[in-house]
1. Restricting attention to the stretch 338-357, and to residues there that are of a type in the set (A, V, I, L, M, F, W, C) and open to solvent by 10 Å² or more (accessible area, probe 1.4 Å), which single residue is farthest from ligand 2 (Cβ to nearest atom)?
2. Identify all residues within the stretch 239-266 that are part of a strand (DSSP E or B) and open to solvent by 70 Å² or more (accessible area, probe 1.4 Å); write none if there are none.
3. Tally up the residues in the stretch 170-182 that are at pLDDT 85 or above, more than 18 Å from residue 214 (Cα to Cα) and open to solvent by 10 Å² or more (accessible area, probe 1.4 Å), please.
4. Please find, within the stretch 494-509, the residue that is farthest from ligand 2 (Cβ to nearest atom) out of those that are surrounded by fewer than 19 Cβ atoms within 10 Å (Cβ to Cβ) and among the acidic types (Asp, Glu).
5. Tell me which of these residue 360 doesn't satisfy, since it passes every other one: (1) within 9 Å of ligand 1 (Cβ to nearest atom); (2) surrounded by fewer than 18 Cβ atoms within 10 Å (Cβ to Cβ).
6. Would you confirm whether or not the stretch 194-211 contains a residue that is in contact (Cβ under 8 Å) with a residue 60 or more places away in the chain, of a type in the set (Val, Ile, Thr) and open to solvent by less than 50 Å² (accessible area, probe 1.4 Å)?
7. Give the stretch 561-578 a look and list any residue that's part of a loop (DSSP other than H, G, I, E, B), farther than 23 Å from residue 503 by Cα and in contact (Cβ under 8 Å) with a residue 60 or more places away in the chain, or say none.
8. Looking only at residues in the stretch 350-388 that are outside any strand (DSSP E or B), over 23 Å from the mean Cα position of the chain (by Cα) and touching a residue at least 12 places away in the same chain (Cβ under 8 Å), which one is nearest to residue 547 (Cα to Cα)?
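The values are calculated or read from the model by the stated rules, or taken from the named source; none is laboratory data. All values reported here derive from a predicted model rather than from experimental measurement. Positions of Cβ are backbone-derived with ideal geometry, glycine not excepted, and every protein chain shown enters the neighbour counts. We work out accessible area using only protein heavy atoms, side chains counted, and drop any ligands, DNA or RNA first. Shrake-Rupley method; radii C 1.70, N 1.55, O 1.52, S 1.80 Å.
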Amino acid sequence: MAPGEKPTVLIVDDDEARSRSLSAELEVHGFRARILDDDYAALEACRGLDPDLVVINGSLPRRKGMDLCGAVRRETHQLTPCLMIVPEDKDIIEDAINSGAHDLLVLPERCTAWAQRLRCIVQSQHRTSQAAPDVEVVEPSSVDSLARSGFASRRQFLQQVATGLDRVRDTRQHVAVMFMDVDRFKQVNESLGHAVGDTLLESLAERFRSGLTWPEGVEGHFVHFGGDEFAFLLTPLPHVQDAAKVGRQILEMMKEPFEIDSHEIYASVSIGISIYPVDHLDAESLLKSAETAMYHAKEQGRSNLQFYSRSMNSMAFERLTLETSLRKALEREELAVYYQPKVEVLTERIVGMEALIRWNHPDLGIISPNQFIPIAEETGLIEPIGEWVLETACRQCLAWEKSGLPRIQMAVNLSVEQMIKPGLAQKLSRIIRRTGLTPNRVELELTESMLMRNVDDGVRILQDLKRLGIRLAVDDFGTGYSSLTYLKRFPIDTLKIDRTFMRDIMVDPDDRSITTAILLMAHSLRLEVVAEGVESQEQLKFLRERNCDLAQGYLFSPPVPTQEATDLLAGRTALANC
Ligand code: C2E
Ligand code: CA
Ligand code: CA
């Protein structure tokens with residue numbers, strides 16, 4: 001799919017009313033939809049139209065839907081995802097998964113909910129098929145005279161920013177605009193000639209294209225305005241510091257020299273950043289301010305980055321003090337592990353605990369992991385911290401067992417920064433062995449997006465971990481790629497349904513259907529399912545009726561310090577719902 005083009009969806013369904021309403025819904029969401037009621041024609045259309053997605057009714061007579069799914073997958077070399085519409089029926093669901101369906105749309109979920117999921121899938125396909133960031137270099141030869149002076153590309157970029165702003169308008173997320181230029185570029189041109197200067201800019205763009213990675217959850221774009229100016233758009237931006245993270249990555253990437261015509265050129269850049277909605281609410285002002293900030297960065301000595309507003313810089317300063325004190329937190333024993341019970345839905349017995357870290361800051365009080373884990377990840381501190389959590393949790397689990405309390409599973413969260421470091425399995429194995437706990441009592445929780453960063457690497461890392469005998473869980477499931485069958489490739493044991501689904505199941509019938517679908521699909525993939533964020537008896541009843549295996553949430557207990565967790569496990573204090 002070329003940028004700006006509408007993704008095409010082929011709908012193969014003999015239920016006319018449903019396909020028409022799905023098609024209308026998809027058009028509203030920016031898709032081009034084409035309806036076919038015949039499997040033969042559908043396969044032909046796959047060849048001609050090269051659709052981005054195919055939606056097939058899994059209940060077409062004589063297994064036609066199932067067969068078509070397999071044929072489309074073969075025809076497109078497994079590239080085009082097929083979604084199957086299926087009823088809440090275990091056998092049909094299993095059949096659809098075995099036919100290679102990418103994901104299932106389980107009835108009676110309504111078409112209105114499907115369009116959003118289809119969009120997620122198309123976007124994720126797009127991301128996984130082009131892991132490198134999206135770049136638009138405006139070639140002087142291919143643009144009009146306006147563009148040659150840089151205006152047109154600026155305008156294109158501003159349009160892109162405006163679209164990015166629209167997407168986050170009603171959320172609490174941020175957008176960052178970054179302006180970058182090459183330090184002393186004029187000198188390169190003057191001393192080595194324009195040809196070398198141009199090649200330098202091309203090599204620089206190429207270095208970004210192949211090496212730049214966007215933080216988790218962030219969609220990034222960069223454009224070359226012509227000359228030595230580049231701009232970046234990060235949207236949505238869950239944490240403002242992610243912009244600094246990208247900026248630092250760029251500065252880091254400039255440290256290696258460029259080899260051009262037997263010259264070794266060291267180039268550096270200066271970067272300015274402005275943030276929506278902190279600095280401005282419109283695209284143009286954001287770009288202007290990013291440029292202003294870039295000049296400040298140059299004043300600071302080049303090879304530097306600056307946020308536009310003073311408040312942003314002071315926030316960076318606060319962060320710096322947090323970073324300094326986090327470095328000392330481990331040795332000062334300010335970190336603690338809390339435990340939250342996982343309860344068997346059927347018996348309401350505690351069968352596991354999840355270890356969740358807390359930072360007891362001497363001046364600021366208890367700091368949530370959501371606040372300091374990103375800093376720990378960025379500074380590399382996550383490694384010693386994560387290893388300390390694992391060791392503490394394993395020792396605690398064994399201590400409970402030795403004192404005669406029930407044998408339970410211990411779940412520990414793994415950060416992406418830990419996952420991508422080489423030698424993870426050996427490191428974790430050494431720690432677990434040191435504590436004396438049997439590895440099969442340990443479960444590592446990883447998120448969906450961590451696995452999808454690079455599927456092949458992910459599979460390899462998980463296989464290494466699996467060989468140790470530990471269990472693996474996918475955390476926050478449903479918030480990212482929404483494709484369960486994709487997970488078939490990973491050796492996982494458990495799926496944790498994100499708590500946003502629990503929050504809404506009592507009010508939103510679509511969330512009820514999606515949760516039901518996830519449970520059915522997970523069970524046919526032989527996965528154990530944990531529902532997170534269970535806060536009410538109604539939610540528990542809903543889960544019980546659908547054979548959900550485990551539940552976790554305030555209904556039973558929030559994460560608590562060791563002594564309270566011990567009391568819960570020993571039955572000295574009852575779970576909150578009893
Ligand atoms: P998570 O792994 O999804 O953990 C569940 C979060 O949901 C916890 O937040 C927990 O307190 C909260 N929670 C549990 N039950 C309920 C409920 O019924 N309702 C609501 N509204 N919330 C509930 P917490 O402890 O603040 O942790 C936040 C996140 O920080 C965790 O999300 C996890 O991603 C990360 N984290 C925590 N400890 C560690 C750690 O040791 N290592 C790493 N890498 N990440 C950690
Ligand atoms: Ca977790
Ligand atoms: Ca979670």
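1. Step one: filter the stretch 338-357 for residues of a type in the set (A, V, I, L, M, F, W, C), giving 343, 345-346, 350-351, 353, 355-357.
Now restrict to residues that are open to solvent by 10 Å² or more (accessible area, probe 1.4 Å): 346, 350-351, 356-357.
Details: 346: 22, 350: 17, 351: 16, 356: 7, 357: 11 Å.
The selected residue is 346.
2. 259, 264
3. The qualifying residues number 1.
4. 508
5. Tallying (1) within 9 Å of ligand 1 (Cβ to nearest atom); (2) surrounded by fewer than 18 Cβ atoms within 10 Å (Cβ to Cβ), residue 360 fails exactly one: (1).
6. Yes.
7. 561
8. Result: 388.
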